[in-house]
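Heads up: the structure comes next, in C-alpha cells.
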Amino acid sequence: MTAPPDKPRDAAIKRCMDPALLSELHGLCFDTGWTAQSFAGLIASPAVSAFVVVSTSEEARGLVVLRQAADEAEIITIGILPDHRRRGLACALLDHALERSAADGIAVVYLEVSEDNTAARNFYRARGFGETGRRDAYYTGADATRMDAIVMALHLRDNTDR
Ligand SMILES: CC(C)(COP(=O)(O)OP(=O)(O)OC[C@H]1O[C@@H](n2cnc3c(N)ncnc32)[C@H](O)[C@@H]1OP(=O)(O)O)[C@@H](O)C(=O)NCCC(=O)NCCS
C-alpha cells in the first residue's frame, strides 16, 4: 500500500445517520443514484456504518458506507464530489473505514468495482487492495451496457485461524 497523502487539514470525518444527505451525495458522485429510502434501509442495520467527510464549514464532500459480517467487511459505496477529487479525501474516508474495521476485528475487506472504473480501480490498488475475482455482466450502465464487476480484497490481518 502506498503511504496515504497527508489528511487534508480542512477535512473531518463524521458518522452519518442522515439518509437524505447520503442519497444527495451519492447522486452527485455516481451516474445512477440511490434513493434516501435505500440508504435508510441500509443504515437501519446495526451491521452498516456510514461516514461523510466534511469541510471546516461543515459542508459534506463525500461518503463511505460499509457493512460488517463476522470477520469480513464490504465497502458498499464510496464517492467524493467531482469538484473535490484528487485531494486525498477518499483516502481519508477509506482509511477511517479500514481503521474502524481493524478495531472491530475484521480480517478482510471486500468491494466490487465496475471494470471500466479506472479511477476507482487505481484508487483501491493504491490503498493495497488486490483483484480476486470477476462477476460477469454485474452492472447495467445508463445506456443498458452490461459491465463486469471486479472483486477486490484487502487483508487486515492473518485469517488462517478461521
Ligand atoms: C474513486 C474516487 C472515490 C477517488 O476519490 P478521490 O478523493 O479523488 O481520491 P484520492 O484523492 O484520495 O486519491 C488517492 C489516490 O487514488 C488514485 N486515484 C484517485 N483518482 C484517480 C484517477 N482519477 N486516476 C488515477 N488514479 C486515481 C491515485 O493514486 C491517488 O493518489 P494521487 O492523487 O496522489 O495520485 C472518486 O474518483 C469518485 O468519487 N469517483 C466516483 C464514484 C466511484 O466511482 N466510486 C467507487 C465506486 S466502486
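The values are calculated or read from the model by the stated rules, or taken from the named source; none is laboratory data. Predicted, not measured: the structure shown is a model, and the values here were computed from it. When we count neighbours, we look across all protein chains shown, and the Cβ atoms used for this are built from the backbone with ideal geometry, even at glycine.
Listed here are the residues, each with its yes/no results for (1) within 16 Å of the ligand (Cβ to nearest atom); (2) on the phi > 0 side of the Ramachandran plot; (3) touching a residue at least 60 places away in the same chain (Cβ under 8 Å); (4) of a type in the set (Asp, Glu).
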position: Arg61; (1), (2), (3), (4): yes, no, no, no
position: Leu66; (1), (2), (3), (4): yes, no, no, no
position: Ile80; (1), (2), (3), (4): yes, no, no, no
position: Leu89; (1), (2), (3), (4): yes, no, yes, no
position: Ala92; (1), (2), (3), (4): yes, no, yes, no
position: Asp95; (1), (2), (3), (4): yes, no, yes, yes
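In this structure, is Ala142 in a loop (DSSP other than H, G, I, E, B) and within 22 Å of Ile80 (Cβ to Cβ)?
Here the answer is yes, as Ala142 does meet what is asked.
Please tell me if Leu156 is within 12 Å of the ligand (Cβ to nearest atom), modelled with pLDDT of 95 or more and hydrophobic (A, V, I, L, M, F, W, C).
On the way: within 12 Å of the ligand (Cβ to nearest atom): no; modelled with pLDDT of 95 or more: yes; hydrophobic (A, V, I, L, M, F, W, C): yes.
Judged against the criteria, Leu156 is not a match.
Do you know which residues across segment 44-53 are surrounded by 18 or more Cβ atoms within 10 Å (Cβ to Cβ) and away from the ligand (no atom under 14 Å from the Cβ)?
Result: Ser49, Ala50.
Kindly establish whether Leu22 is touching a strand residue (DSSP E or B) at 6+ places or on another chain (Cβ under 6 Å) and either under 22 Å from Val151 (Cβ atoms) or not polar (S, T, N, Q) (or both).
yes
Report yes if some residue within segment 87-94 is under 21 Å from Gly27 (Cα atoms), part of a helix (DSSP H, G or I), among the aliphatic types (A, V, I, L, M) and touching a helix residue (DSSP H, G or I) at 6+ places or on another chain (Cβ under 7 Å); otherwise report no.
yes
Restricting attention to segment 100-113, report how many residues are in contact with a strand residue (DSSP E or B) (Cβ under 8 Å, 6 or more places away or on another chain) and either assigned to a helix (DSSP H, G or I) or at pLDDT below 95 (or both).
Matching residues across segment 100-113 total 2.
Scan segment 54-64 and tell me whether some residue there is under 13 Å from the mean Cα position of the chain (by Cα), of a type in the set (A, V, I, L, M, F, W, C) and surrounded by fewer than 18 Cβ atoms within 10 Å (Cβ to Cβ). First the steps, then the outcome.
Residues of segment 54-64 that are under 13 Å from the mean Cα position of the chain (by Cα), as a first pass: 62-64.
From what is left, the residues that are of a type in the set (A, V, I, L, M, F, W, C) are 63-64.
Add one more test, that the residue is surrounded by fewer than 18 Cβ atoms within 10 Å (Cβ to Cβ), and what stays is none.
No, there is no match, as no residue in segment 54-64 is under 13 Å from the mean Cα position of the chain (by Cα), of a type in the set (A, V, I, L, M, F, W, C) and surrounded by fewer than 18 Cβ atoms within 10 Å (Cβ to Cβ).
Out of curiosity, is Ala126 aliphatic (A, V, I, L, M) and under 10 Å from the mean Cα position of the chain (by Cα)?
On the way: aliphatic (A, V, I, L, M): yes; under 10 Å from the mean Cα position of the chain (by Cα): no.
Criteria not met by Ala126.
Restrict the check to segment 127-142 and report whether at least one residue is near the ligand (Cβ under 9 Å from one of its atoms), hydrophobic (A, V, I, L, M, F, W, C), free of Cβ contacts under 8 Å to residues at least 40 places away in the same chain and buried (at least 19 other Cβ atoms within 10 Å of the Cβ).
no
Considering every residue within segment 25-48, establish whether at least one is under 17 Å from Ile13 (Cβ atoms) and polar (S, T, N, Q).
Pass one, segment 25-48, residues under 17 Å from Ile13 (Cβ atoms): 25-26, 29, 43, 48.
Cutting the leftovers down to polar (S, T, N, Q) gives us none.
The answer is no, given that none of the residues of segment 25-48 is under 17 Å from Ile13 (Cβ atoms) and polar (S, T, N, Q).
If you scan segment 106-124, which residues turn out to be more than 8 Å from the ligand (Cβ to nearest atom) and without any contact (Cβ under 8 Å) to a residue 40 or more places away in the chain?
Looking only at segment 106-124, we keep the residues that are more than 8 Å from the ligand (Cβ to nearest atom), and these are 106-110, 115-116, 121.
Across segment 106-124, the qualifying residues are Glu115, Asp116, Arg121.
Just checking, how many residues over segment 69-78 are near the ligand (Cβ under 9 Å from one of its atoms) and either buried (at least 22 other Cβ atoms within 10 Å of the Cβ) or farther than 16 Å from Arg127 by Cα (or both)?
Result for segment 69-78: 2.
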